[in-house]
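J.: I have a structure I would like to understand better, so I am pasting it below and will then ask my questions one at a time.
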Amino acid sequence: MYEQCPEVSRTVVYEIVTKHLQYRKICTRWVPRMLTDAHKATRMGAALMFLERYERDGNTFLDQIVTGDETWISHNTPTSKRRSMEWHHAQSPKRPRKFKQTASARKLMASVFCDGQGVLLVDFMTRNTTINVDAYCTTRQRLRQAMQNRRRGKLSHDIALIHDNARSHTARQTQTLLHDAFHCDTFDHPPYSPGLAPSDFYLFSKMKKHLAGKRFTDYEDLQHAVMDWLKFGHLDDYQYGGDYTRGSNANSETTTVYD
């Protein structure tokens, strides 16, 4: 533009473009995945199916929902740039600096399951292990026991399960268990749609924000921090409180949360 109007100063051109024509330069927005039209249509179908079920059954449908997922929790999670913001006045000597940090390589996998009344089960995997089909099915069996103890009568109705499309969730062995033992009505989870998973969208993000900046020396301290947050985190979307007990076996360390 400057080359096309060499007789006009850059300052005048910039003022005309920005103030009079109301143009401004913007950066492209970074997104983790470029969704195709097919992906978007699948997401729309999943959302409409959920809304149609609610229109038909109302709050009874919401009471039947059980949702859960797994997440990695690091022993040291750096604070975000936004959380490191400080108040400064115009005469402050210099801007604060924050050195770039990476999350600790030591981490622990936790599985958390909730319903409308609160947290049902927290299952910590044994260190240096990860989730697979067998481990996930074992966790589902523990979830069934927790529901029998804490939500009497809930299993007599069809459970509406919401979880993502991880391989361990969609495997044939898992689907057979959910159908035969739980009589679950599983909702399809479209690919690349973490916003449709309540745990990813709300629970885990708030938990990790709370743990950011804290350093834990061992696995037990990290587990206690997670459980304390679940107990006293004032989760607006889950009515929850009370005591909990711990139990363990050869494959995992399981914590059942009691109201």
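The values are calculated or read from the model by the stated rules, or taken from the named source; none is laboratory data. Keep in mind that what you see is a predicted model, and the values were worked out from it rather than measured. Glycine also receives a Cβ, built like all others from the backbone with ideal geometry; neighbour counts cover every protein chain displayed.
J.: Do we have PHE113 as within 30 Å of LEU35 (Cα to Cα) and in a helix (DSSP H, G or I) here?
T.: On the way: within 30 Å of LEU35 (Cα to Cα): yes; in a helix (DSSP H, G or I): no.
Answer is no for this residue.
J.: Further, regarding this structure: Considering only residues that are more than 14 Å from SER199 (Cα to Cα), among the polar types (S, T, N, Q) and touching a strand residue (DSSP E or B) at 6+ places or on another chain (Cβ under 9 Å), look in the range 104-133 and name the one that is surrounded by the most Cβ atoms within 10 Å (Cβ to Cβ).
T.: THR126
J.: Taking the range 120-137, which residues are of a type outside the set (Asp, Glu) and either in a loop (DSSP other than H, G, I, E, B) or under 24 Å from ASP218 (Cα atoms) (or both)? Show your work before the answer.
T.: Narrowing the range 120-137 to residues of a type outside the set (Asp, Glu): 120-122, 124-133, 135-137.
Result: LEU121, VAL122, PHE124, MET125, THR126, ARG127, ASN128, THR129, THR130, ILE131, ASN132, ALA135.
J.: I've got another one for you. Could you please tell me which pairs satisfy a Cβ distance under 6 Å, a separation of 6+ or placement on different chains, a first residue in the range 206-220 that is surrounded by 15 or more Cβ atoms within 10 Å (Cβ to Cβ), and a second residue that is charged (D, E, K, R)?
T.: TYR219/ARG127
J.: Among what's in the range 172-205 and is among the aromatic types (Phe, Trp, Tyr) and surrounded by 18 or more Cβ atoms within 10 Å (Cβ to Cβ), pick the residue that is modelled with the highest pLDDT. Full working, then the answer.
T.: Quick first cut of the range 172-205, residues among the aromatic types (Phe, Trp, Tyr) only: 182, 187, 192, 201-202, 204.
Within this subset, residues satisfying the condition of being surrounded by 18 or more Cβ atoms within 10 Å (Cβ to Cβ) are 182, 204.
On the way: PHE182: 75, PHE204: 87.
So, considering only residues that are among the aromatic types (Phe, Trp, Tyr) and surrounded by 18 or more Cβ atoms within 10 Å (Cβ to Cβ), the one modelled with the highest pLDDT is PHE204.
J.: Right, here's the next one. Scan the range 152-206 residue by residue and report those that are β-branched (Val, Ile, Thr) and in a helix (DSSP H, G or I).
T.: Kept after step one, since they are β-branched (Val, Ile, Thr), are these residues of the range 152-206: 159, 162, 170, 174, 176, 186.
Selection gives THR170, THR174, THR176.
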